[in-house]
Amino acid sequence: MPRERVLITVKTYPTLSKKYGETVCTAGVRADGFWVRIYPVPFRRLGEEGQYRKFDWIELDLMKARSDPRPESRRPVDPKAISVVGHMGTDDGWSERRRLLLKTAKVYDRLQPLLNGAKENTISLAVFKPARILDFVWEECERDWDAAKVAAMRNNAAQGELFAEDAWRQTFAVMPKLPYNVSYRFLDADGRKSELQVLDWEAGQLFWNCMKATKNNEAAALEKVRQKYLDEFAKKDLHFFLGTMQQFHGFAPNPWVIIGVFPIPNERQMDLL
(Lines give C-alpha, C1' and ligand atoms only; values in the text may rest on other atoms or scores of the structure.)
Protein backbone atom coordinates (compact mmCIF):
# COMPACT_ATOMS: atom_id res chain seq x y z
CA MET A 1 0.00 0.00 0.00
CA PRO A 2 1.54 3.37 -1.03
CA ARG A 3 2.05 6.01 1.61
CA GLU A 4 -0.63 8.70 1.72
CA ARG A 5 0.21 12.40 1.36
CA VAL A 6 -2.09 14.66 3.38
CA LEU A 7 -2.17 18.41 3.97
CA ILE A 8 -2.91 18.88 7.67
CA THR A 9 -5.62 21.48 8.24
CA VAL A 10 -6.99 20.34 11.61
CA LYS A 11 -5.52 19.50 15.00
CA THR A 12 -8.09 19.36 17.79
CA TYR A 13 -7.33 20.08 21.42
CA PRO A 14 -5.98 16.91 23.09
CA THR A 15 -8.47 14.54 24.68
CA LEU A 16 -8.06 11.48 26.88
CA SER A 17 -8.83 7.95 25.81
CA LYS A 18 -8.78 4.98 28.18
CA LYS A 19 -7.27 2.88 25.41
CA TYR A 20 -4.89 5.33 23.71
CA GLY A 21 -4.08 7.88 26.43
CA GLU A 22 -3.79 11.52 25.35
CA THR A 23 -4.60 11.78 21.67
CA VAL A 24 -5.23 14.43 19.02
CA CYS A 25 -7.72 14.15 16.18
CA THR A 26 -5.89 15.19 13.03
CA ALA A 27 -7.56 15.80 9.69
CA GLY A 28 -6.57 17.13 6.31
CA VAL A 29 -7.03 16.82 2.58
CA ARG A 30 -5.19 14.98 -0.13
CA ALA A 31 -4.16 16.70 -3.35
CA ASP A 32 -7.44 15.53 -4.94
CA GLY A 33 -9.49 17.31 -2.26
CA PHE A 34 -10.55 14.13 -0.44
CA TRP A 35 -10.73 14.56 3.34
CA VAL A 36 -8.90 12.18 5.69
CA ARG A 37 -9.34 11.84 9.45
CA ILE A 38 -6.25 10.41 11.17
CA TYR A 39 -6.82 8.89 14.61
CA PRO A 40 -5.37 8.07 17.06
CA VAL A 41 -2.26 10.25 17.03
CA PRO A 42 -0.30 10.63 20.30
CA PHE A 43 0.92 13.97 18.98
CA ARG A 44 2.83 15.29 21.98
CA ARG A 45 4.64 11.96 22.32
CA LEU A 46 5.92 11.94 18.77
CA GLY A 47 9.55 12.78 18.23
CA GLU A 48 10.50 16.23 16.96
CA GLU A 49 10.70 14.97 13.37
CA GLY A 50 7.20 13.47 13.61
CA GLN A 51 5.41 16.53 14.99
CA TYR A 52 3.73 18.62 12.35
CA ARG A 53 2.14 22.04 12.01
CA LYS A 54 -1.13 23.00 10.40
CA PHE A 55 -0.70 23.22 6.62
CA ASP A 56 2.23 20.84 6.66
CA TRP A 57 2.22 18.08 4.07
CA ILE A 58 2.79 14.75 5.80
CA GLU A 59 3.32 11.25 4.46
CA LEU A 60 2.25 8.15 6.37
CA ASP A 61 0.82 4.67 5.99
CA LEU A 62 -2.92 4.54 6.68
CA MET A 63 -5.48 1.79 7.09
CA LYS A 64 -9.27 1.95 7.36
CA ALA A 65 -10.31 2.53 10.94
CA ARG A 66 -11.73 -0.68 12.42
CA SER A 67 -13.92 0.88 15.11
CA ASP A 68 -14.95 4.08 13.28
CA PRO A 69 -17.41 3.65 10.38
CA ARG A 70 -17.20 7.26 9.17
CA PRO A 71 -16.10 7.26 5.51
CA GLU A 72 -13.01 9.49 5.91
CA SER A 73 -11.62 7.86 9.07
CA ARG A 74 -8.22 6.21 8.85
CA ARG A 75 -5.81 4.78 11.41
CA PRO A 76 -2.04 5.35 11.15
CA VAL A 77 -0.24 2.06 10.76
CA ASP A 78 2.68 3.46 12.77
CA PRO A 79 2.27 6.94 14.31
CA LYS A 80 6.04 7.17 14.78
CA ALA A 81 6.58 6.80 11.02
CA ILE A 82 4.86 10.06 10.08
CA SER A 83 7.11 12.23 7.89
CA VAL A 84 6.77 15.97 7.29
CA VAL A 85 7.54 16.53 3.60
CA GLY A 86 6.56 20.15 2.98
CA HIS A 87 4.54 23.16 4.03
CA MET A 88 1.84 25.14 2.23
CA GLY A 89 2.41 28.82 2.94
CA THR A 90 0.47 32.01 2.27
CA ASP A 91 2.44 33.34 -0.69
CA ASP A 92 0.67 34.96 -3.65
CA GLY A 93 -2.49 35.84 -1.72
CA TRP A 94 -2.85 32.38 -0.15
CA SER A 95 -3.28 31.03 -3.69
CA GLU A 96 -2.29 27.41 -2.93
CA ARG A 97 -4.58 27.19 0.09
CA ARG A 98 -7.44 28.80 -1.82
CA ARG A 99 -7.02 26.41 -4.74
CA LEU A 100 -6.96 23.20 -2.69
CA LEU A 101 -9.36 24.03 0.14
CA LEU A 102 -11.87 26.33 -1.55
CA LYS A 103 -11.84 25.00 -5.12
CA THR A 104 -10.61 21.40 -5.27
CA ALA A 105 -12.30 20.43 -2.00
CA LYS A 106 -16.05 21.03 -1.94
CA VAL A 107 -17.27 24.02 0.08
CA TYR A 108 -20.72 23.85 1.66
CA ASP A 109 -22.79 26.91 2.59
CA ARG A 110 -25.91 25.07 3.78
CA LEU A 111 -26.07 22.76 6.78
CA GLN A 112 -28.89 20.55 5.57
CA PRO A 113 -26.79 18.55 3.05
CA LEU A 114 -24.26 17.91 5.81
CA LEU A 115 -26.95 16.79 8.25
CA ASN A 116 -28.34 14.45 5.61
CA GLY A 117 -24.90 13.15 4.72
CA ALA A 118 -24.01 12.38 8.33
CA LYS A 119 -27.26 10.46 8.79
CA GLU A 120 -26.57 8.48 5.61
CA ASN A 121 -22.88 8.04 6.55
CA THR A 122 -21.63 9.57 3.32
CA ILE A 123 -19.70 12.48 4.87
CA SER A 124 -18.17 13.42 8.22
CA LEU A 125 -15.62 16.12 7.28
CA ALA A 126 -16.21 19.27 5.25
CA VAL A 127 -15.32 22.88 4.49
CA PHE A 128 -18.19 25.19 5.41
CA LYS A 129 -18.79 28.87 4.64
CA PRO A 130 -21.12 30.61 7.14
CA ALA A 131 -23.32 33.31 5.65
CA ARG A 132 -23.11 35.49 8.74
CA ILE A 133 -21.36 35.23 12.10
CA LEU A 134 -23.69 36.18 14.94
CA ASP A 135 -21.62 35.64 18.08
CA PHE A 136 -18.82 33.75 19.81
CA VAL A 137 -19.92 32.37 23.19
CA TRP A 138 -18.75 30.08 25.97
CA GLU A 139 -20.09 28.05 28.85
CA GLU A 140 -18.31 26.54 31.82
CA CYS A 141 -17.79 22.78 31.83
CA GLU A 142 -15.95 20.18 33.93
CA ARG A 143 -12.57 21.50 35.00
CA ASP A 144 -10.81 18.17 35.35
CA TRP A 145 -10.39 15.15 33.14
CA ASP A 146 -12.54 12.12 33.88
CA ALA A 147 -10.77 10.33 36.75
CA ALA A 148 -11.51 6.88 35.28
CA LYS A 149 -9.87 7.79 31.98
CA VAL A 150 -6.81 9.21 33.72
CA ALA A 151 -6.47 6.09 35.89
CA ALA A 152 -6.86 3.77 32.91
CA MET A 153 -4.32 5.76 30.91
CA ARG A 154 -1.79 5.66 33.74
CA ASN A 155 -2.38 1.94 34.27
CA ASN A 156 -1.87 1.16 30.59
CA ALA A 157 1.25 3.31 30.59
CA ALA A 158 2.66 1.45 33.57
CA GLN A 159 2.06 -1.83 31.76
CA GLY A 160 3.72 -0.58 28.60
CA GLU A 161 0.60 -0.80 26.47
CA LEU A 162 0.46 2.68 24.96
CA PHE A 163 2.14 2.41 21.56
CA ALA A 164 4.98 0.43 23.18
CA GLU A 165 6.68 3.67 24.17
CA ASP A 166 9.05 3.99 27.10
CA ALA A 167 10.94 7.27 27.34
CA TRP A 168 7.90 9.56 27.71
CA ARG A 169 6.39 7.74 30.71
CA GLN A 170 8.72 9.25 33.27
CA THR A 171 8.13 12.92 32.43
CA PHE A 172 4.89 13.16 30.43
CA ALA A 173 2.25 15.51 31.89
CA VAL A 174 -1.31 15.42 30.59
CA MET A 175 -2.48 18.58 28.84
CA PRO A 176 -4.71 20.61 31.19
CA LYS A 177 -8.42 20.32 30.47
CA LEU A 178 -10.16 23.43 29.17
CA PRO A 179 -12.71 24.66 31.75
CA TYR A 180 -14.96 26.19 29.07
CA ASN A 181 -16.63 25.10 25.86
CA VAL A 182 -16.51 27.80 23.18
CA SER A 183 -18.87 28.03 20.23
CA TYR A 184 -19.77 30.08 17.17
CA ARG A 185 -23.34 31.18 16.50
CA PHE A 186 -23.99 31.78 12.81
CA LEU A 187 -26.43 31.70 9.91
CA ASP A 188 -26.04 29.53 6.83
CA ALA A 189 -27.10 30.39 3.28
CA ASP A 190 -30.67 29.24 4.03
CA GLY A 191 -30.89 31.59 7.02
CA ARG A 192 -30.68 28.64 9.41
CA LYS A 193 -29.33 29.65 12.82
CA SER A 194 -26.87 27.25 14.46
CA GLU A 195 -24.44 27.08 17.34
CA LEU A 196 -21.45 24.74 16.95
CA GLN A 197 -18.69 24.07 19.44
CA VAL A 198 -15.10 24.90 18.46
CA LEU A 199 -12.61 22.10 19.23
CA ASP A 200 -9.59 23.60 17.49
CA TRP A 201 -6.31 23.22 19.41
CA GLU A 202 -5.42 26.83 18.62
CA ALA A 203 -8.52 28.11 20.43
CA GLY A 204 -7.58 26.15 23.54
CA GLN A 205 -3.96 27.23 23.43
CA LEU A 206 -5.03 30.85 22.94
CA PHE A 207 -7.11 30.61 26.13
CA TRP A 208 -4.09 29.43 28.15
CA ASN A 209 -1.86 32.13 26.62
CA CYS A 210 -4.47 34.76 27.51
CA MET A 211 -4.68 33.36 31.03
CA LYS A 212 -0.96 34.04 31.43
CA ALA A 213 -1.31 37.51 29.95
CA THR A 214 -4.19 38.40 32.30
CA LYS A 215 -2.61 36.77 35.38
CA ASN A 216 -5.23 33.98 35.45
CA ASN A 217 -8.24 36.25 35.07
CA GLU A 218 -10.61 33.86 33.30
CA ALA A 219 -13.17 36.49 32.33
CA ALA A 220 -10.51 38.70 30.77
CA ALA A 221 -8.90 35.72 29.02
CA LEU A 222 -12.22 34.66 27.50
CA GLU A 223 -12.85 38.18 26.24
CA LYS A 224 -9.46 38.15 24.53
CA VAL A 225 -10.31 34.84 22.86
CA ARG A 226 -13.65 36.27 21.77
CA GLN A 227 -11.93 39.35 20.36
CA LYS A 228 -9.71 37.12 18.20
CA TYR A 229 -12.39 34.72 17.00
CA LEU A 230 -15.21 37.23 16.60
CA ASP A 231 -13.87 40.72 16.07
CA GLU A 232 -10.80 39.73 14.03
CA PHE A 233 -11.78 36.51 12.24
CA ALA A 234 -15.33 37.60 11.34
CA LYS A 235 -13.89 40.46 9.28
CA LYS A 236 -12.11 37.95 7.05
CA ASP A 237 -13.35 35.40 4.53
CA LEU A 238 -14.00 32.98 7.38
CA HIS A 239 -14.55 29.30 6.69
CA PHE A 240 -14.98 26.44 9.13
CA PHE A 241 -13.54 22.94 8.95
CA LEU A 242 -16.38 20.78 10.25
CA GLY A 243 -16.36 17.23 11.56
CA THR A 244 -18.90 14.95 13.18
CA MET A 245 -18.59 13.51 16.67
CA GLN A 246 -18.32 9.73 16.34
CA GLN A 247 -20.70 9.01 19.23
CA PHE A 248 -23.42 11.10 17.57
CA HIS A 249 -22.68 10.40 13.91
CA GLY A 250 -25.58 8.84 12.02
CA PHE A 251 -28.42 9.53 14.43
CA ALA A 252 -28.11 12.85 16.31
CA PRO A 253 -30.08 15.80 14.88
CA ASN A 254 -26.78 17.69 14.46
CA PRO A 255 -23.54 15.77 15.13
CA TRP A 256 -21.29 18.46 13.62
CA VAL A 257 -18.67 20.55 15.45
CA ILE A 258 -16.07 23.06 14.29
CA ILE A 259 -12.73 21.27 14.37
CA GLY A 260 -10.79 24.10 12.73
CA VAL A 261 -11.18 27.66 11.48
CA PHE A 262 -9.85 29.08 8.22
CA PRO A 263 -9.83 32.90 8.46
CA ILE A 264 -8.50 33.62 5.00
CA PRO A 265 -8.05 37.31 4.05
CA ASN A 266 -10.70 38.51 1.65
CA GLU A 267 -9.67 40.01 -1.68
CA ARG A 268 -10.07 43.60 -0.50
CA GLN A 269 -7.83 42.95 2.48
CA MET A 270 -5.23 41.39 0.19
CA ASP A 271 -5.26 44.55 -1.97
CA LEU A 272 -4.36 46.61 1.10
CA LEU A 273 -1.38 44.46 2.03
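Output the residues belonging to the stretch 181-211 that are assigned to a strand (DSSP E or B), in contact with a Lys or Arg (Cβ under 9 Å, 6 or more places away or on another chain) and at pLDDT 95 or above. Before the answer, list the steps.
As a first pass, look at the stretch 181-211 and keep what is assigned to a strand (DSSP E or B): 181-187, 193-198, 200.
Now restrict to residues that are in contact with a Lys or Arg (Cβ under 9 Å, 6 or more places away or on another chain): 182, 185-187, 193-196, 200.
The answer is VAL182, ARG185, PHE186, LEU187, LYS193, SER194, GLU195, LEU196.
Among what's in the stretch 91-127 and is in contact with a strand residue (DSSP E or B) (Cβ under 9 Å, 6 or more places away or on another chain) and among the hydroxyl-bearing types (Ser, Thr, Tyr), pick the residue that is surrounded by the most Cβ atoms within 10 Å (Cβ to Cβ).
SER124
For (1) under 20 Å from the mean Cα position of the chain (by Cα); (2) β-branched (Val, Ile, Thr); (3) modelled with pLDDT under 90, each residue gets a yes or a no:
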| position | (1), (2), (3) |
| --- | --- |
| PRO42 | yes, no, yes |
| GLU49 | no, no, yes |
| LYS54 | yes, no, no |
| LEU62 | yes, no, no |
| GLU96 | no, no, no |
| GLU120 | no, no, no |
| VAL127 | yes, yes, no |
| PRO130 | yes, no, no |
| GLU140 | no, no, no |
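Looking at the stretch 83-118, which of its residues are touching a Gly at 6+ places or on another chain (Cβ under 6 Å) and not hydroxyl-bearing (Ser, Thr, Tyr)?
As a first pass, look at the stretch 83-118 and keep what is touching a Gly at 6+ places or on another chain (Cβ under 6 Å): 104-105.
Passing the criteria: only ALA105.
Can you confirm whether the stretch 77-93 contains a residue that is assigned to a loop (DSSP other than H, G, I, E, B) and of a type in the set (D, E, K, R)? Outline the logic, then answer.
Within the stretch 77-93, the subset assigned to a loop (DSSP other than H, G, I, E, B) is 77-78, 82, 88-90.
Filter once more, keeping what is of a type in the set (D, E, K, R): 78.
Within the stretch 77-93, one or more residues are assigned to a loop (DSSP other than H, G, I, E, B) and of a type in the set (D, E, K, R).
When the stretch 67-90 is examined, which residues are found to be buried (at least 16 other Cβ atoms within 10 Å of the Cβ), modelled with pLDDT under 90 and not aliphatic (A, V, I, L, M)?
Scanning the stretch 67-90 gives a single hit, PRO79.
Need the failing condition index for LYS177 against (1) at pLDDT below 95; (2) part of a loop (DSSP other than H, G, I, E, B); (3) over 17 Å from the mean Cα position of the chain (by Cα), just the number.
The single condition LYS177 does not satisfy is (3).
The values are calculated or read from the model by the stated rules, or taken from the named source; none is laboratory data. As the structure is a prediction and not an experimental result, all values here were calculated from the model. We place every Cβ from the backbone using ideal geometry, glycine too, and count neighbours over all the protein chains shown.
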